[in-house]
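Throughout, read-outs are computed from the coordinates displayed, never taken from laboratory work. Since the structure is predicted, the reported quantities are computational estimates derived from the model, not experimental observations. Here Cβ is always computed from backbone atoms with ideal geometry, including for glycine, and neighbour counts include all displayed protein chains.
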Amino acid sequence: MRTPSTPCGPTSARSRSGRRPSECDVRLTADGHLVCVHDRDLRRTAAAKGVISTMNLAQLDELDFASWKNPWAELDDEAPDGDPEDNKVLTLRKLLETVADSGRRVELAIETKHPTRYGGLVERRLVELLADFGWTGEDSPARVMSFSFTALQRVERMAPQIRKVMLVEKAHHWPMLRRAVGREWIIGPGIGELRDHPGPGKHLRPADREIHVWTVNTAADLQICLDLGVTAVISDKPAYMLELLGV
């Protein structure tokens, strides 16, 4: 579930349940709002100076978060007129409201970005927001992801039933992490590491660890995931991945 205006991140093409969850990255504004923006600064996403964590939501709302996706739109005479509201930054609350009102179950993979000046306040705000929707139990449509082990520990303490995904950037980090991560935590290696260092993936499968892999964009990489029994992939090309999967 990505809006045209805000780069939330790639989309999960498939999960073990057969559902097609969506992925978003969240950052905390200076006045305490979680917004769905990948980058810490605004150069790429809003063609502006500034850092998300130093700005209020009202300041971000004054910026255009959509034009970067279609820089030639003004030259397209056949392009439909857009709603300026769609160009504003997407708050996580708005995304959750959209999911709640969709009339069907939509799963969300929410990544908290670190390091950040606000530290654990990001996870606290996230858990509080999920609690507002009643989404902190075992049946929550949301799962929380992070490259920060400490961040996921915070979520574990505040909402132990929410699914957690320990993102792994480097294959050599796994031997250390596997002694510390929760037994039910999902492991999220990058496809590049599985491609270049297949050992960790082969160890994860017999260990009965659920595996979610990022960012899978080619048929060859998808096949690596299928061979390893991966339960979900995150992709910049979800339609293509679904086509390959025959979904």
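Details
- Global form of the stretch 117-183, assessed from the alpha-carbon gyration tensor, a/c cut-off 1.5: prolate
- Model label sites at Leu121 and Arg157, defined 7 Å from Cα along the beta-carbon direction, differ in position by 1.7 nm.
- Scoring 25-33, 220-228 by mean Cβ neighbours within 10 Å over their residues and listing the highest first yields 25-33, 220-228.
- A simple spin-label model places pseudo-atoms 7 Å from Cα toward Cβ; at Ala100 and Gln59 they are separated by 2.9 nm.
- Relative contact order, percent, the stretch 162-247 [alpha-carbon distance under 8 Å, six or more residues apart]: 24
- Inter-label distance for Leu245 and Arg179, nm, one decimal - labels placed 7 Å from Cα along Cα-to-Cβ: 3.5
- Straight-distance crosslink candidates among lysines, where the alpha carbon sits under 29 Å from Lys94 and sequence neighbours closer than 8 are dropped: Lys49, Lys69, Lys113, Lys164, Lys237
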